[in-house]
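Enquirer: Below are the structure tokens for one structure; questions will follow.
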Amino acid sequence: MSSDDINDHDHEQESNQCTFCAISSERDFTSLLYVDENVVAFNDIKPAATHHVLVVPKKHIPNVNSLKNDDLETVKKMKEVGLQIISRRLHESVDDLQKNYQDKKERTYQIGFVSPPFNSINHIHMHVLSKPIKTWWPRSLGFGRFIFKDIDDVINKIENSQ
């Protein structure tokens, strides 16, 4: 048995006990905002903003540092779903949201991942938040670059590692 086999086995055990695996497989009674064969989305139970949604892959991936090249399409799908949801909630088109985000104008939302060891659950989940962000810890630490990885930075990192 290779170390990969051992890691896969541990991964399976962890996914059987994982809260987000239960939600994404619909073994939990969480109200889902979006479901397809790869991802689910639902409201965060402890929102840090007026609109705070989590987009979660059905595949158990422990955290943002565990992403591999073959996860790129899943991460892009997560971004697409997050943009669709925040677009509806903010009453702005996805194109306008993305243009303002890329132009570094006043952003009305933030999308990304919390890095370990600050992530709350060891199943990758993308935060989609409207601004202002209202966390109990300082905003600069809570959703700043130190621990919060912007979705576009994560996608670029995966693409550049291929």
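The values are calculated or read from the model by the stated rules, or taken from the named source; none is laboratory data. What you see is a predicted model; the values in this text were computed from it and never measured. Glycine gets a Cβ as well: all are built from the backbone with ideal geometry, and neighbour counts include every protein chain shown.
Enquirer: Show me the strands (runs of 3 or more DSSP E) found entirely inside the stretch 39-151 where at least 2 residues are within 13 Å of the chain's Cα centre (by Cα) and at pLDDT 95 or above. Please lay out each step first, then the result.
Expert: On the way: elements: 39-43, 52-57, 109-114, 126-130, 148-150.
Where strands (runs of 3 or more DSSP E) fall fully within the stretch 39-151 and carry at least 2 residues being within 13 Å of the chain's Cα centre (by Cα) and at pLDDT 95 or above, they are 39-43, 52-57, 126-130.
Enquirer: Looking at (1) within 13 Å of residue 38 (Cα to Cα); (2) of a type outside the set (D, E, K, R); (3) without any contact (Cβ under 8 Å) to a residue 60 or more places away in the chain, which is the one condition that is false for residue 93?
Expert: Going through the list (1) within 13 Å of residue 38 (Cα to Cα); (2) of a type outside the set (D, E, K, R); (3) without any contact (Cβ under 8 Å) to a residue 60 or more places away in the chain, residue 93 breaks only (1).
Enquirer: For the stretch 17-39, which residues satisfy the criterion of being closer than 17 Å to residue 89 by Cα and not small (Gly, Ala, Ser)?
Expert: Hits for the stretch 17-39 are 32, 33, 34.
Enquirer: State yes or no: is residue 75 among the aliphatic types (A, V, I, L, M) and within 22 Å of residue 161 (Cβ to Cβ)?
Expert: Considered against the rule, which asks whether it is among the aliphatic types (A, V, I, L, M) and within 22 Å of residue 161 (Cβ to Cβ), residue 75 comes out as yes.
Enquirer: Also, quick follow-up: Scan the stretch 27-51 for residues that are acidic (Asp, Glu) and within 19 Å of residue 134 (Cβ to Cβ) and report the count.
Expert: The total comes to 1.
Enquirer: Hey, can you tell me all the residues within the stretch 17-32 that are in contact with a helix residue (DSSP H, G or I) (Cβ under 6 Å, 6 or more places away or on another chain), buried (at least 17 other Cβ atoms within 10 Å of the Cβ) and in a loop (DSSP other than H, G, I, E, B)?
Expert: 30
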